[in-house]
1. Report yes if some residue within segment 52-65 is under 19 Å from V11 (Cβ atoms) and not in a strand (DSSP E or B); otherwise report no.
2. For segment 22-40, check the following and say yes or no: at least one residue is out of contact with any helix residue (DSSP H, G or I) (no Cβ under 7 Å at 6 or more places or on another chain), of a type in the set (S, T, Y) and touching a residue at least 40 places away in the same chain (Cβ under 8 Å).
3. Determine if segment 36-45 includes at least one residue that is crowded, with 18+ Cβ neighbours inside 10 Å, in contact with a Ser or Thr (Cβ under 7 Å, 6 or more places away or on another chain) and of a type in the set (A, V, I, L, M, F, W, C).
4. Can you tell me which residue in segment 100-113 is farthest from E78 (Cα to Cα), limited to those that are open to solvent by less than 60 Å² (accessible area, probe 1.4 Å) and in a strand (DSSP E or B)?
5. Just one of the numbered conditions (1) surrounded by 13 or more Cβ atoms within 10 Å (Cβ to Cβ); (2) free of Cβ contacts under 8 Å to residues at least 40 places away in the same chain is not true of D55; which one?
6. Across segment 78-99, which residue is surrounded by the most Cβ atoms within 10 Å (Cβ to Cβ) among those that are of a type outside the set (A, V, I, L, M) and under 14 Å from the mean Cα position of the chain (by Cα)?
7. Kindly list the number of the only condition in (1) under 21 Å from K9 (Cα atoms); (2) in contact (Cβ under 8 Å) with a residue 24 or more places away in the chain that fails for I87.
Amino acid sequence: MIVIADETKVVDQLGAFPLPIEVMPFGLGATRLAIEKTASRLDLSGTLDLRRSGDGPFMTDGGHYIIDASFGRIHDAEALSVALSIIPGVVEHGLFIDIATLAIVASDNGVRTLKATE
């Protein structure tokens with residue numbers, strides 16, 4: 001997988017901006033509670049905001065919602081990735097642990113590539 005992003009997405013520590021978590025609309029309340037409990041177990045706290053678009057929730061091309069999780073500094077991204085992935089109702093999240101092999105990053109100064117370290 002290759003990630004294409006602008007330079008604002010490159011950070012030294014995860015948590016500089018909200019983590020997008022794609023969720024199914026059905027059972028949203030239960031999914032949200034499970035995310036909160038998972039975050040608490042991993043010593044993460046913060047707001048879980050349903051992304052909005054106009055008067056209603058933002059909907060992905062697949063018909064899902066996005067919860068923007070403002071956890072702050074994420075110390076164990078791998079544990080969070082695994083924990084979120086097993087929650088019923090979570091479709092995907094913005095942690096690309098062991099998935100992305102290359103990132104193409106655009107900035108005002110041009111484009112650079114970042115390779116995954118093994």
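1. Looking through segment 52-65, none of the residues is under 19 Å from V11 (Cβ atoms) and not in a strand (DSSP E or B).
2. yes
3. Checked segment 36-45: at least one residue is crowded, with 18+ Cβ neighbours inside 10 Å, in contact with a Ser or Thr (Cβ under 7 Å, 6 or more places away or on another chain) and of a type in the set (A, V, I, L, M, F, W, C).
4. Across segment 100-113, the extreme among qualifying residues is G110.
5. (1)
6. Checked segment 78-99; the qualifying residue surrounded by the most Cβ atoms within 10 Å (Cβ to Cβ) is H93.
7. Of (1) under 21 Å from K9 (Cα atoms); (2) in contact (Cβ under 8 Å) with a residue 24 or more places away in the chain, only one is false for I87: (1).
Rundown of residues vs (1) touching a strand residue (DSSP E or B) at 6+ places or on another chain (Cβ under 7 Å); (2) more than 24 Å from K115 (Cβ to Cβ); (3) at pLDDT below 95, yes/no style:
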| position | (1), (2), (3) |
| --- | --- |
| I2 | yes, no, yes |
| I21 | yes, yes, no |
| A34 | no, yes, no |
| L42 | no, yes, no |
| D49 | yes, yes, no |
| G54 | no, yes, yes |
| A69 | yes, yes, no |
| F96 | yes, no, yes |
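The values are calculated or read from the model by the stated rules, or taken from the named source; none is laboratory data. These figures come from a predicted structure and were not determined experimentally. Methodologically, a virtual Cβ is constructed for each residue, glycine included, from the backbone with ideal geometry; neighbour enumeration extends over all protein chains shown. Please note that ligands, DNA and RNA were not included when accessible areas were found on the heavy atoms of the full protein model with its side chains. Shrake-Rupley method; radii C 1.70, N 1.55, O 1.52, S 1.80 Å.
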